[in-house]
Amino acid sequence: NIVLTQSPATLSVTPGESVSLSCRASQSISTSIHWYQQKSNESPRLLIKYASQSISGIPSRFSGSGSGTDFTLSINRVESEDFSIYYCQQSYSSLLTFGSGTKLEIK
Amino acid sequence: QIQLVQSGPELKKPGESLKISCKASGYTFTDYAMQWVKQAPGKGLQYMGWINTQTGKPTYADDFKERFVFSLETSASTAYLQINNLKNEDTATYFCASGGDTPFDYWGQGVMVTVSS
């Protein structure tokens, strides 16, 4: 199974700061990584697909990068609505897996 | 627009069974596979597996090969998750999800399942 390791587990920031969330895969997965945001008591929402491709309706402050084993979700100037949990997920292997998540909280 | 609408919350006793539904609309049901995801209280997303909506063949992740059954009612554009012999650790929210571009383009609202004696 491909293991995805997200870091940090928790990130405390002030609104207006820019942040980077990391996702590392246990083996090379090309760009088959997707990022989701989950707010409390809601379903996850797709933010970025295939490492860096944008999704219609998602604010442009969200961007993704990386290939192989190291991936990054960046949020430019965090807004109050962005405080939630972020998950990465790989579709390189038919046995899909999620990372353990990064909680973005207000400092 | 594409929607996945799941059935309502469930309260069950250990040893009982349940079957939750996920009704798709806004697209041709057999165009996309249906995925299932478990989220225990306060925990992350755990992938359960998927069902091929064209053939009905299910594929289960390792932790879900016993007691869990994926099925379809294609004429009703509905997928089902059945859990047999419920245990306390099955207490969780269960999501269905689907999509053509990525496996999780679209998500259901989730079904909260509580197993308690």
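Can you tell me which residues in the range A:30-46 are closer than 25 Å to A:Leu95 by Cβ and either within 11 Å of chain B (Cβ to nearest Cβ) or surrounded by fewer than 21 Cβ atoms within 10 Å (Cβ to Cβ) (or both)?
If the condition is that a residue be closer than 25 Å to A:Leu95 by Cβ and either within 11 Å of chain B (Cβ to nearest Cβ) or surrounded by fewer than 21 Cβ atoms within 10 Å (Cβ to Cβ) (or both), then A:Ser30, A:Thr31, A:Ser32, A:Ile33, A:His34, A:Trp35, A:Tyr36, A:Gln38, A:Ser43, A:Pro44, A:Arg45, A:Leu46 are the ones that fit.
Could you grab me the full set of residues in the range B:84-110 that are assigned to a loop (DSSP other than H, G, I, E, B) and either within 7 Å of chain A (Cβ to nearest Cβ) or under 13 Å from the mean Cα position of the chain (by Cα) (or both)?
Those that are assigned to a loop (DSSP other than H, G, I, E, B) and either within 7 Å of chain A (Cβ to nearest Cβ) or under 13 Å from the mean Cα position of the chain (by Cα) (or both): B:Asp101, B:Thr102, B:Pro103, B:Phe104, B:Asp105, B:Gly108, B:Gln109, B:Gly110.
Which number in (1) within 25 Å of B:Lys38 (Cβ to Cβ); (2) in contact (Cβ under 8 Å) with a residue 40 or more places away in the chain; (3) in contact with a strand residue (DSSP E or B) (Cβ under 7 Å, 6 or more places away or on another chain); (4) surrounded by 13 or more Cβ atoms within 10 Å (Cβ to Cβ) marks the one condition that A:Thr69 misses?
All conditions are met except number (1).
From A:Leu104, A:Leu21, A:Leu95, which residue is in contact (Cβ under 8 Å) with a residue 24 or more places away in the chain and part of a loop (DSSP other than H, G, I, E, B)?
A:Leu95
Just to check your reading of the model, which residue among B:Leu11, B:Leu18, B:Leu45 is at negative phi, more than 14 Å from chain A (Cβ to nearest Cβ) and crowded, with 18+ Cβ neighbours inside 10 Å?
Of the residues listed, the single one that is at negative phi, more than 14 Å from chain A (Cβ to nearest Cβ) and crowded, with 18+ Cβ neighbours inside 10 Å is B:Leu18.
Restricting attention to the range A:72-92, and to residues there that are within 14 Å of another protein chain (Cβ to nearest Cβ) and assigned to a strand (DSSP E or B), which single residue is surrounded by the fewest Cβ atoms within 10 Å (Cβ to Cβ)? Full working, then the answer.
Going through the range A:72-92, the residues within 14 Å of another protein chain (Cβ to nearest Cβ) turn out to be A:84-92.
Remaining after also requiring assigned to a strand (DSSP E or B): A:85-90.
Details: A:Ile85: 20, A:Tyr86: 25, A:Tyr87: 24, A:Cys88: 30, A:Gln89: 24, A:Gln90: 24.
Per the stated criteria, the residue is A:Ile85.
No value in this document is a laboratory result; all are computed from the given coordinates. Predicted, not measured: the structure shown is a model, and the values here were computed from it. Positions of Cβ are backbone-derived with ideal geometry, glycine not excepted, and every protein chain shown enters the neighbour counts.
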